[in-house]
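A quick write-up on the structure given underneath.
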Amino acid sequence: MVGARGFEPPTPASRTQCSTRLSYAPTSDGGGRFLCAFPVLRNRVSQIDHGFRKSGFPSCVSPSKQGKLFPHSMVSMARYLITSALPYINGIKHLGNLAGSMLPADVHARFRRLSGDEVLFLCATDEHGTPAELAAAEAGQDVATYCADQHEIQKRACAGFALSFDHFGRSSNAPNHALTQHFCARLLAAGLIEERVTQQIYSPTDQRFLPDRYVEGTCPHCSFERARGDQCDNCGRLLDPTDLVAPRSKISGATDLEIRDTAHLWLRQPLMADRIRTWVEAARDWPHLARSIAFKWLDEGLQDRAITRDLSWGIRVLEGDAPRPGFDHKVFYVWFDAPIEYIACAQEWAAASALEDGAWQRWWRTDCGAEDVTYVQFMGKDNVAFHTVSFPVTIMGSGEPWKLVDRLKAFNWVTWYGGKFSTSEKRGIFMDQALELLPADYWRWYLMANAPESADAPFTLEHFQQSVNSDLANVFGNLINRITRFCAARFDGRIPEAGADGPLETDLWAEAATRLASLTECHGAMEFRKAAAETRALWALGNEYLQQAAPWTAIRSDPDRAATGVRTGLNFCAFLAIISQPFIPATGEKVLAALDVSESRRAWPQPGIPERAFLVPGSGIASLEVLFKKIEDSDITDWQIRFGAGE
């Protein structure tokens with residue numbers, strides 16, 4: 001509902017279209033399908049199916065005849081809106097960016113889809129602000145061309161890491177422009193935005209005002225000499241350019257800077273402080289890190305925040321269809337318009353999917369069905385303040401029924417040999433470089449198994465090597481390759497039919513059920529380190545079983561016992577591939593395909609004793625190459641030289 005004049009509230013008819021009414025119809029093959037009462041949502045049901053299949057699971061499947069718990073019925077599926085902090089446009093993102101927002105968001109989205117929930121997973125490039133202009137100038141491009149090119153580069157890198165976004169949008173697209181104007185108008189009408197004349201740094205040499213990152217200088221709080229005009233990267237304090245000691249122009253290096261008057265719009269955050277505090281106090285599902293940052297800002301007292309800048313690239317400040325008087329050369333501050341892109345991205349998704357407006361509104365407006373949505377945000381700790389204060393002020397202050405975040409997962413930093421990863425200073429390993437070295441699953445596993453949840457997480461190539469070789473190569477990969485090769489050599493590559501389960505198999509699946517319950521709980525709570533540890537423990541359990549069953553020994557004296565060991569081992573490998581999909585989706589898919597696990601059996605196992613028979617006895621399996629090659633010491637030496645490890 002974004003037209004030429006901006007955002008239009010939903011009509012009574014569109015509100016009806018937003019409602020969700022699904023019925024479930026069994027089919028003759030033991031599965032089923034959803035029936036939708038409203039034409040506007042019929043395409044959406046297909047989109048749900050498509051989204052689930054990204055994680056290897058078709059949504060419309062009833063419980064299998066052989067297993068009571070696999071997969072569950074989708075009639076009462078929950079709905080999850082998941083957003084990742086928007087990666088900034090000024091270059092490919094490093095592994096720290098990936099680990100602090102996009103990757104954990106993807107792991108959670110995959111888990112939710114596999115669990116049968118309806119998921120809309122959104123992200124976009126954040127394309128406005130000073131860094132975009134500076135990066136474009138450095139690249140010798142106009143800003144629009146630079147942003148278009150960089151969006152495609154980042155989109156490819158995200159695809160390379162198998163990030164399963166339903167849509168990867170752009171904050172410079174038309175929906176965000178219209179919504180930003182809409183929110184500004186609503187806040188102005190509510191008295192939450194006012195125009196003020198303030199002082200700002202002006203450079204006679206550059207003949208322009210220098211907002212934010214166009215100014216560098218010494219931080220007044222920690223004396224860091226390369227603090228930016230909006231934030232100090234050393235101590236993390238937010239700044240204004242006029243706060244800097246010995247400021248200089250980022251464009252020319254000029255120091256003959258002046259303070260001049262300029263008019264800007266200010267968001268009157270203190271007027272919303274009580275509502276924001278009440279909302280944060282009720283947010284019991286947020287991790288301690290997110291709540292502590294929000295309360296720190298509230299306890300120190302919210303400040304009015306300028307939401308416009310003297311820049312040429314960005315969303316123009318309009319009054320009707322024309323520039324606001326005196327604002328011809330001003331745009332909205334990137335931190336005002338960027339979070340609005342979460343909503344605009346849903347509009348982009350609906351348009352790209354040829355859906356009507358009701359499709360996105362049922363995720364974002366509580367008067368259109370979003371009251372039953374659980375909204376989860378993922379971000380690094382430096383973004384928390386904007387998402388717990390400024391953006392909520394914007395959408396609450398509008399007086400409209402927008403969906404607020406329910407669960408906010410915040411992360412600390414991933415450090416590079418004790419220092420910070422840095423996009424601007426090109427320090428660390430970046431997403432495209434990582435994919436040149438190794439497939440995505442190596443990096444996905446390591447970064448989530450060592451996620452910076454309770455504290456900063458140091459990244460070193462040596463620890464990366466140790467983790468990959470131990471967890472992926474020696475434990476998971478070795479188990480899969482050993483049992484599939486033995487099956488190929490001694491059972492002609494077919495699932496053995498002989499033999500019966502005994503106490504060893506009973507104990508295996510009982511222990512697996514206990515571990516599975518814990519793993520499911522960890523994923524649901526978004527505790528990624530713990531989820532990885534439980535996944536690793538299940539991999540180890542499979543190896544322990546294989547060592548005890550020892551089919552390569554039993555084959556000589558008790559072929560039936562060997563057959564049981566191989567059949568159970570292969571079924572357990574299928575189970576492991578399924579529960580490993582959120583972390584290592586490409587490898588999970590590869591194993592499931594080789595074992596010929598049907599699509600109807602690839603959903604997340606439900607509580608209780610897991611399904612034992614994923615595979616059909618007598619059916620064939622395909623050969624598998626080594627799943628994870630070990631990282632050699634010589635590789636580490638080469639990479640240390642290439643990336644300046646420890647420098």
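When you filter the trypsin sites (Lys or Arg not before Pro) in segment 278-338 for DSSP loop state and at most 15 other Cβ atoms inside 10 Å of their Cβ, you are left with ARG284. Compute the signed sum of charges (Lys and Arg +1, Asp and Glu -1) over the other residues within less than 10 Å, Cβ to Cβ, of LEU289. Net local charge, LEU289 excluded: +2. If Lys and Arg each add +1 and Asp and Glu each add -1, what is the summed charge of the other residues whose beta carbon sits under 11 Å from the beta carbon of THR218? Value of the local net charge: -1.
Straight-line reach from LYS590: taking Cα to Cα under 21 Å and skipping same-chain neighbours fewer than 8 places apart, the lysines in range are LYS54, LYS629, LYS630. List residues of segment 324-365, by number, whose backbone nitrogen lies under 17 Å from a label position 7 Å along Cα→C-beta of GLU194. Backbone N within reach: none found. Once the Cβ-Cβ distance of VAL616 and LEU435 is raised to the sixth power relative to R0 = 35 Å, the FRET efficiency obtained is 0.45. The alpha-carbon of LYS155 sits under 17 angstrom from the alpha-carbons of these aspartates and glutamates, leaving out residues fewer than 8 places away in its chain: ASP106, ASP126, GLU127, ASP166, GLU341, GLU348, ASP432, GLU436.
With both residues required to sit in the chain, DSSP beta bridges show an antiparallel share near 60%. Restriction of the GluC sites (Glu not before Pro) in segment 378-463 to DSSP coil positions whose beta-carbon has at most 13 other beta-carbons within 10 angstrom yields GLU425. When you filter the GluC sites (Glu not before Pro) in segment 542-636 for DSSP loop state and at most 12 other Cβ atoms inside 10 Å of their Cβ, you are left with GLU625, GLU632. Overall, the accessible surface of the chain at a probe of 1.4 angstrom is composed of carbon and sulfur to the extent of 49 percent. Express in whole angstrom the spacing between the alpha-carbon centres of segment 436-496 and segment 188-249. When both Cα centres are located, 46 Å separates them.
Full extension of the chain between ASP299 and GLU511 gives 71.6 nm of extra length, using 0.36 nm per residue less the Cα-Cα distance.
Between ASP492 and LYS420, the contour length at 0.36 nm per residue exceeds the alpha carbon distance by 20.7 nm.
In a fully extended conformation the segment linking ARG208 and ILE259 would gain 17.2 nm over its present Cα-Cα distance, using 0.36 nm per residue. Among beta bridges from DSSP that stay inside segment 318-434, the antiparallel ones total about 55%.
For ALA354, project a label point 7 Å along Cα to C-beta. Then give me every residue of segment 113-148 with its amide nitrogen under 19 Å of that point. Taking a point 7 Å out along Cα→Cβ of ALA354, no residue of segment 113-148 has its backbone N under 19 Å. Accessible surface calculations at 1.4 Å, restricted to protein heavy atoms, place the chain at 39 Å² per residue. Net charge of the neighbourhood of PRO247, taken over other residues with C-beta under 14 Å away and scored Lys/Arg +1, Asp/Glu -1, is -3. Measure nothing but the geometry: give the 0 to 90° angle between the long axis through the Cα atoms of 559-580 and the longest principal axis through the Cα atoms of the chain, rounded to 10°. For 559-580 against the chain, the angle is about 10 degrees. Ranking ASN474, PHE459, ALA449 by how far each Cα lies toward the positive end of the dipole of segment 413-511 (charges on Cβ) leaves PHE459 at the top. The long axis of helix 288-300 is offset from the longest Cα principal axis of the chain by roughly 10 degrees. Our note on the geometry: Cα centres of segment 139-158 and segment 552-626, 43 Å apart. For the pair HIS221 and GLU625, a Förster radius of 51 Å applied to the C-beta separation gives a FRET efficiency near 0.40, rounded to the nearest 0.05.
Rolling a 1.4 Å probe over the protein chains gives THR366 an accessible area of about 60 Å². A Förster radius of 35 Å, combined with the Cβ-Cβ distance separating ALA500 from ASN474, puts the computed FRET efficiency at roughly 0.65. So how tilted is helix 103-114 from the main axis of the chain? Cα-based, degrees 0 to 90, rounded to 10. Around 50 degrees separate the two axes. Which entries of LYS330/LYS381; LYS403/LYS530; LYS250/LYS420 show an alpha-carbon separation above 26 angstrom in the structure shown? The answer is LYS330/LYS381; LYS403/LYS530.
The values are calculated or read from the model by the stated rules, or taken from the named source; none is laboratory data. Everything quoted here is computed from the prediction, not taken from an experiment. With ideal geometry, Cβ positions are generated from the backbone for all residues, glycine too; neighbour counts draw on all protein chains shown. These accessible areas exclude ligands, DNA and RNA; they are computed on the full protein's heavy atoms, side chains included. Shrake-Rupley method; radii C 1.70, N 1.55, O 1.52, S 1.80 Å.
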